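Report on one structure; see the data block that follows.
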Amino acid sequence: MTVPLILLTLILLVVITRPFTVIFHELGHGIPALLLTKDKVTLYIGSYGDPKHSLTFRIGRLEFFFKYNPFLWKLGLCIPHSKEVTINRQIFITVFGPVTSLFLGAVGCYTAFAGDFHGSIKLISVVLLGSSAFDFFINIVPRDEPIELFDGSIVHNDGQQLRQLFKYKTLDSKYTVGADHYNKQEYEIAAKAFHNIIDNGLRNDMVYRLAISAYLQFKDYKTALTLHEEFEKYCNLNSDDYANSGLIKSQLGSYYDGMHDYQKSLDVNPKNKYALNNRGYTYNLLELYDQAIADFNKAIQIEPKFAYSFNNRGLAKIKLGQVDEGLRDIKTSMDLDDKNSYAYRNLGIYHYDKGDFAKALEHFEKAYELDKDTHLITEYIDKTKEKLKRPAHNNA
């Protein structure tokens, strides 16, 4: 066999065995996740979370998305959907991916040689072991470079995730308490628990992020901003961090400072749908409706079922005189999420601008009922009630 033919054969075997390595790796994450959690687990083979153009099926709680093109199967992603997974279990699920592919590759190679199989089987087993060893080392060695998923979010390789998880284990037990309250949506208690960890000198990027997020959730924007400014001194910010700081500043009325941070977020990750939506929302507040619509269009392109972008785009269109299109967008938002207080708020603004103050008040109060912290909702309710108190002017 000539050297070029040997090289061609080896390349072909690598191409053939690589998809199996990825499948073993993701099953190594997925099966422990099934055993250790009670919720669904989704495996993507051939993508970082793209469900399109894939063979889809389920086996119990295990959901699969296989890209039709097997040459794309060099990528994979496992998503456990449980929100309450202990750090020890997260470590177990994370480490089992690369370990499983290496273990199965080693077992396959040992079996082929111990059983004295045909030479072609031995060659395939060696190539599979090499692919598995490669998979193990590129995943288990921590890397700072992020991996961008299909939805625009960022993750890191298994080694970097393990490094972070082991860091969390060294944190004070209050971290576990804070995480439990956060998962139960008891954000005020969680925020205080995380803040206490920081005050005790344990400065960790995840603790900062959870504390800031918790303060955002229960609308304590001033404390969230103070923590964010401190966080900037100790950690490198990612796209979500800048998006959160933009939201904090916008909610505090510093719209142009918020815009600056949204742009930083999008410089890091142009597909951050939250930065796009929130910047568009701020454009609405500044009455820059054309720019707002451009951002909402991009957010909807990234996430076609993003209810908030639909209702915000609807308001921008209405303000530009595109009333029918705007109302359709708001209706779409309500169809996607009937608990979306901003859809009702924006309908209220539409009726207020028309002079139908009774209808406007009805929608504003519905928005308040769904979420009393909806931005500016009490101001809208107060000024609408004031309008209803005034007698109508009759034309002579």
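Which percent, to the nearest 5, of DSSP beta bridges fully inside the chain are antiparallel? Around 70 percent antiparallel, to the nearest 5.
Once you've got the GNM for the chain with C-alpha springs shorter than 10 Å, pick whichever of 279, 58, 143 has the biggest mean-square fluctuation. Checking each option, the largest mean-square fluctuation is seen for 58. For the chain, the longest principal axis of the Cα atoms and the long axis of helix 289-302 meet at an angle of about 30 degrees.
Could you work out the local net charge near residue 100, counting Lys and Arg as +1, Asp and Glu as -1, over the other residues with Cβ closer than 15 Å to its Cβ?
-3
The spread of Cα positions in the range 319-396, taken along each principal axis and listed from longest to shortest, comes to 47, 29, 16 Å. Neighbour counting of Cβ atoms within 10 Å sorts the residues 85, 107, 207, fewest neighbours leading, into 107, 85, 207. Across q = 0.11, 0.21 Å⁻¹, the range 240-366 modelled as identical point scatterers on its alpha-carbon atoms has Debye log10 I(q)/I(0) values of -0.35, -1.18, in the order of the q list. For residue 229 and residue 137, a Förster radius of 41 Å and the Cβ-Cβ distance give a FRET efficiency of 0.55, rounded to the nearest 0.05.
Modelled label positions at residue 320 and residue 189, each set 7 Å beyond Cα in the direction of Cβ, lie 4.6 nm from each other.
Taking only the C-alpha atoms of the chain, Rg followed by Dmax gives 26.2, 106 Å.
As a proxy for reagent exposure, 151, 295, 290, 220 were ordered by neighbouring Cβ count within 10 angstrom, fewest first; the result is 290, 151, 220, 295.
Assuming a viscosity of 1.002 mPa s and a temperature of 20 °C, what translational diffusion coefficient in µm² per second does Stokes-Einstein assign to the range 54-129, Rh being the Kirkwood radius over Cα pairs?
Reported coefficient: 140 µm²/s.
With all pairs of separate Cα atoms included, the range 264-306 yields a Kirkwood hydrodynamic radius of 10.1 Å. With helices as the sole contributors, the chain gives -22500 deg cm²/dmol at 222 nm; each DSSP H run of n ≥ 4 counts as -39500 (n - 2.57), and the sum is divided by every residue. Based on Cα contacts under 8 Å between residues 6+ apart, the chain shows a relative contact order of 8 percent. Taking a 27 Å limit on the Cα-Cα distance, which of the listed pairs 169/305; 184/319; 222/331; 319/359; 40/273; 249/319 fall beyond it? Violating the 27 Å Cα-Cα cut-off are 169/305; 184/319; 222/331.
Expressed to the nearest 5 percent, the antiparallel share of DSSP beta bridges inside the range 3-164 is 70 percent.
Using the 10 angstrom Cβ neighbour count as an exposure proxy, how do 89, 328 rank, fewest first?
328, 89
Add +1 for every Lys or Arg and -1 for every Asp or Glu among the other residues with Cβ under 14 Å from the Cβ of residue 286, and state the total.
-1
Model label sites at residue 117 and residue 35, defined 7 Å from Cα along the beta-carbon direction, differ in position by 2.4 nm. Taking a sphere under 10 Å around the Cβ of residue 77 and counting the other residues whose Cβ falls inside, with K and R at +1 and D and E at -1, yields a net charge of -2.
The length gained by stretching the chain between residue 106 and residue 74 to full extension, at 0.36 nm per residue less their Cα-Cα distance, is 9.6 nm. Tilt of helix 119-140 relative to the longest C-alpha principal axis of the chain, in degrees (0 to 90, nearest 10)? Taking the Cα atoms of the chain, the angle to 119-140 is about 40 degrees.
Put the Cα centre of the range 75-118 next to the Cα centre of the range 373-389 and the gap is 57 Å.
Report, in whole Å, the centroid distance computed from the Cα atoms of the range 198-234 and the range 239-296. Taking the Cα centre of the range 239-296 as reference, the centre of the range 198-234 is 20 Å away. What percentage of all Cα-Cα pairs in the range 1-156 are separated by more than 26 Å? Considering the range 1-156, 31 percent of its Cα-Cα pairs are separated by more than 26 Å. Taken along the Cα-to-beta-carbon direction at a fixed 7 Å, the label points for residue 55 and residue 166 span 3.8 nm.
Checking the a/c ratio against 1.5 first, then a/b against b/c, what shape does the Cα gyration tensor give for the range 173-237? Here the range 173-237 falls in the oblate category. Each Cα pair under 8 Å and six or more residues apart adds its sequence gap; the mean of these over the residue count of the range 3-164 is a relative contact order of 25 percent.
The numbers here are math on the coordinates, done by the rules we state, and not lab data. What you are looking at is a predicted structure, and each value in this text was computed from that prediction instead of being measured. All Cβ positions, glycine included, derive from the backbone under ideal geometry; neighbour counts span all protein chains shown.
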